[in-house]
Amino acid sequence: MLSQSFTAAGASPLGWTLAIAAAIAYAIPALATERIRENGARLCLRLAWVLHAAALGWSLLGDVPRFGFAPALSITAWLVLTVYAVEQQLYPQMRSRWPLSALGSLAVLLAAVFPGAPLHVDASPWLPLHLALGIASYGLLGAAVVHAALMSRAERQMRQGAGHDSGLPLLTLERLTFRFVMAGFLLLTATLIAGWWFGEALYGRAWVWNHKSVFSLLSWLTFAALLFGRSRFGWRGKSAVRILYAGAVLLLLAYAGSRFVLEVVLGRSA
């Protein structure tokens, strides 16, 4: 099964070339933090971001469009890095280059190794919309997880009496975290509504109870509880972050997890 995935990936030399080039461009600022200046690191990240986008575009729009758990994670990582690039313009002092560079490098290579199954977009005109909403919610909630991790690290460093190195005030990180949670929750809601509304065209019936739908609903309920608890009871700190992580894990299991089992463990395309 693994050999089949490698064969499928090897059938696209251009895809492999773009993925390796993007991974190298991501790795340079991550591994050579002391040897290159800030401007050089930003240039490498921008180049990696462009190459990553090209690799994704070739995978989705090439001769044989493919999609699966690894491309979904790769797009999520690319969206998180896009958010970081925008935030760098608004908050130049923000620093999380090393972990995001490592994330981008691993994600783009993973998508090259496991390119997924052929994507039959002609099955329904609503399928691209459904996928776009779902991946966008992955990206925004992934950005929320990154900000929550930065917030937790900053809190831990402050308790130890050391200045935190995230580059942003703690309250700003907290505010950004929950803004991303709210935006991702709204898109996740739209994704579930689209899946239900167009379920007849997509799956032959309005709603299919499977691992993906169950984990998606559990994730939605978790994020809804988090936002309600923050609004009504002022939840924050460790408890709120743990709920956010739980919701993110459930969402990850909903599509990426179920597709991983199908594609890698069971060796099936659907």
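Can you say whether Leu262 is open to solvent by 40 Å² or more (accessible area, probe 1.4 Å) and either at pLDDT below 90 or farther than 24 Å from Ala77 by Cα (or both), as far as the supplied structure shows?
Here the answer is no, as Leu262 does not meet what is asked.
Report, by residue number, each residue of region 236-255 that is modelled with pLDDT under 90 and under 23 Å from Ala72 (Cβ atoms).
Listed by number, the list holds a single entry, Tyr255.
May I ask you to list pairs of residues, at least six apart or on different chains, whose Cβ atoms are under 8 Å apart, with the first in region 182-198 being without any contact (Cβ under 8 Å) to a residue 12 or more places away in the chain and assigned to a helix (DSSP H, G or I) and the second being open to solvent by 40 Å² or more (accessible area, probe 1.4 Å) and hydrophobic (A, V, I, L, M, F, W, C)?
Qualifying pairs under 8 Å: Trp196/Ala206; Trp196/Trp207.
Would region 161-172 turn up any residue that is part of a helix (DSSP H, G or I), out of contact with any strand residue (DSSP E or B) (no Cβ under 9 Å at 6 or more places or on another chain) and either at pLDDT 85 or above or among the small types (Gly, Ala, Ser) (or both)?
If we filter region 161-172 for residues that are part of a helix (DSSP H, G or I), which is where we start, we get 170-172.
Add one more test, that the residue is out of contact with any strand residue (DSSP E or B) (no Cβ under 9 Å at 6 or more places or on another chain), and what stays is 170-172.
After this cut, where a residue has to be either at pLDDT 85 or above or among the small types (Gly, Ala, Ser) (or both) as well, the list is 171-172.
Yes: one or more hits.
Working only within region 199-235, note down all residues that are open to solvent by 70 Å² or more (accessible area, probe 1.4 Å), outside any helix (DSSP H, G or I) and at pLDDT 90 or above.
Passing the criteria: only Trp235.
Please go through region 57-77 and give me each residue that is more than 18 Å from Ala23 (Cβ to Cβ), open to solvent by 20 Å² or more (accessible area, probe 1.4 Å) and not in a strand (DSSP E or B), ordered by number.
Those that are more than 18 Å from Ala23 (Cβ to Cβ), open to solvent by 20 Å² or more (accessible area, probe 1.4 Å) and not in a strand (DSSP E or B): Leu60, Leu61, Asp63, Val64, Pro65.
Search region 78-116 for residues being surrounded by 19 or more Cβ atoms within 10 Å (Cβ to Cβ) and among the small types (Gly, Ala, Ser), and hand back the single one that is modelled with the lowest pLDDT.
Ser96
What's the number of the condition Trp49 fails, among (1) modelled with pLDDT of 80 or more; (2) open to solvent by less than 30 Å² (accessible area, probe 1.4 Å)?
Result: Trp49 fails condition (2) only.
From Gly104, Gly68, which residue is under 19 Å from Pro128 (Cβ atoms) and among the small types (Gly, Ala, Ser)?
Gly68
Which residue pairs have Cβ atoms closer than 8 Å, lie 6 or more positions apart in sequence or on different chains, and pair a first residue in region 222-239 that is without any contact (Cβ under 8 Å) to a residue 12 or more places away in the chain with a second residue that is surrounded by 15 or more Cβ atoms within 10 Å (Cβ to Cβ) and β-branched (Val, Ile, Thr)?
Listed by first residue and then by second, the contacts come to Trp235/Ile243.
The values are calculated or read from the model by the stated rules, or taken from the named source; none is laboratory data. Not measured: the values here are computed from a predicted model. As a convention, Cβ positions derive from the backbone with ideal geometry for all residues, glycine included, and neighbour counts pool all protein chains shown. Heads up: the accessible areas ignore ligands, DNA and RNA and are worked out on the full protein's heavy atoms, side chains in. Shrake-Rupley method; radii C 1.70, N 1.55, O 1.52, S 1.80 Å.
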